[in-house]
Amino acid sequence: MTTESGTAQRTTWVRAALAYGLLGLVLLSLILSTPFVLAALAPASADWGKLSDISQAYGAVSVVLSAIALAGVALSLLYQVRQTRTSNEQAIRDSHFQLATLALSDPDLLLAWSPPIEPVPLKRHRQHLVTSLALGELLQRFRIGHLSVEKLAVKLDGHFRGKIAREQWEREGPGWRRTMEAGDRRDRVFVRLVDERYRAAVAAGPASALLEFQDRPDRPQSLRSQGSRAVND
C-alpha cells in the first residue's frame, strides 16, 4: 500500500513538474519572440510610438506571464532536488540494511559493528538491533512524506506495545536524541514524537506479553499440544 501510494505521488509530481516546466518554456518563448514578430508583421509606415504605447499597456500581462514561467521552472527544480534527496536517503538505508543483515548473521560482526551500550545477552542485542531498524524505517518514511505526524503516532503506539521496543528506546534513546536534534526539522519532530509516544505507552501500563510460538492463539490447538508435549519431554 505504501509503495503504491508513493509511486502515485511521484507520478503526480512528475506530471505537474513537466506541465509547469513546459508552460514556462512556452511563455518565455512567446515573450522573447514578441519584438521579432512585431518587426516582421508591422508595415514600414507603422507608428512605432503608438505601438510602444500599446505594448506598455500589456506590460502587466507580461509580468504575470513571466512570474508563471518562473514558478514553473522553480517547481521543476524543487521536484528534482526532492527526488535527488529521496534517492540518496534510500541508498543510505539500503547500505545500512545490508550492514545490519551481515552483522545479524555473525555474532562476531555484530559486536564489531554495533556493540551494546551495556552488557546484554546476544539474543536480546539482536532483537534491539531489529527494533532500531524498524524505527529507522519509520524515520525514512516520515522524511519523504509517506507518513504524516498523525499516522506516525499510530505506528509508534503499536511499536511501543512490545517489551523489546521499550527496552531498546530506554537503552538507545539518548543516542537517537543527540543525532536527531542535530538534524533538520523533520528529524527533530520525529524524535520528539517517539519520546512522547514512548512515555504514553509506559504510562498506559505494562508491555504486551510475549508468547512462545507453541502458545500463540493463531496456531492450531493440535500443534500447540504437540509443542507443549515436546517441551515437557
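The values are calculated or read from the model by the stated rules, or taken from the named source; none is laboratory data. Just so it is clear, the model here is predicted, and its values are computed rather than measured. We place every Cβ from the backbone using ideal geometry, glycine too, and count neighbours over all the protein chains shown.
Some notes on this structure:
- Residue in region 113-120 that is of a type in the set (D, E, K, R) and not in a helix (DSSP H, G or I) present: yes
Residue-by-condition table, conditions (1) charged (D, E, K, R); (2) modelled with pLDDT of 85 or more; (3) crowded, with 16+ Cβ neighbours inside 10 Å; (4) in contact with a strand residue (DSSP E or B) (Cβ under 9 Å, 6 or more places away or on another chain):
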{"position": "Val149", "(1), (2), (3), (4)": "no, yes, no, no"}
{"position": "Arg171", "(1), (2), (3), (4)": "yes, yes, yes, no"}
{"position": "Arg197", "(1), (2), (3), (4)": "yes, yes, yes, no"}
{"position": "Pro206", "(1), (2), (3), (4)": "no, yes, no, no"}
{"position": "Leu210", "(1), (2), (3), (4)": "no, no, no, yes"}
{"position": "Asp215", "(1), (2), (3), (4)": "yes, no, no, no"}
{"position": "Ser225", "(1), (2), (3), (4)": "no, no, no, no"}
{"position": "Ser228", "(1), (2), (3), (4)": "no, no, no, no"}
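One line per residue, one yes/no per condition, for (1) under 18 Å from Glu89 (Cβ atoms); (2) at pLDDT below 95:
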residue: Asp106; (1), (2): no, yes
residue: Ala112; (1), (2): no, yes
residue: Leu122; (1), (2): no, yes
residue: Gly136; (1), (2): yes, yes
residue: Leu156; (1), (2): no, no
residue: Lys163; (1), (2): no, yes
residue: Glu181; (1), (2): no, yes
residue: Ala200; (1), (2): no, no
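- Residue in region 121-153 that is farthest from the chain's Cα centre (by Cα), counting only those that are more than 26 Å from Arg85 (Cα to Cα) and without any contact (Cβ under 8 Å) to a residue 12 or more places away in the chain: Pro121
- For Leu109: the one exception among (1) free of Cβ contacts under 8 Å to residues at least 40 places away in the same chain; (2) in contact with a helix residue (DSSP H, G or I) (Cβ under 6 Å, 6 or more places away or on another chain); (3) under 28 Å from Arg188 (Cβ atoms); (4) of a type outside the set (Gly, Ala, Ser): (3)
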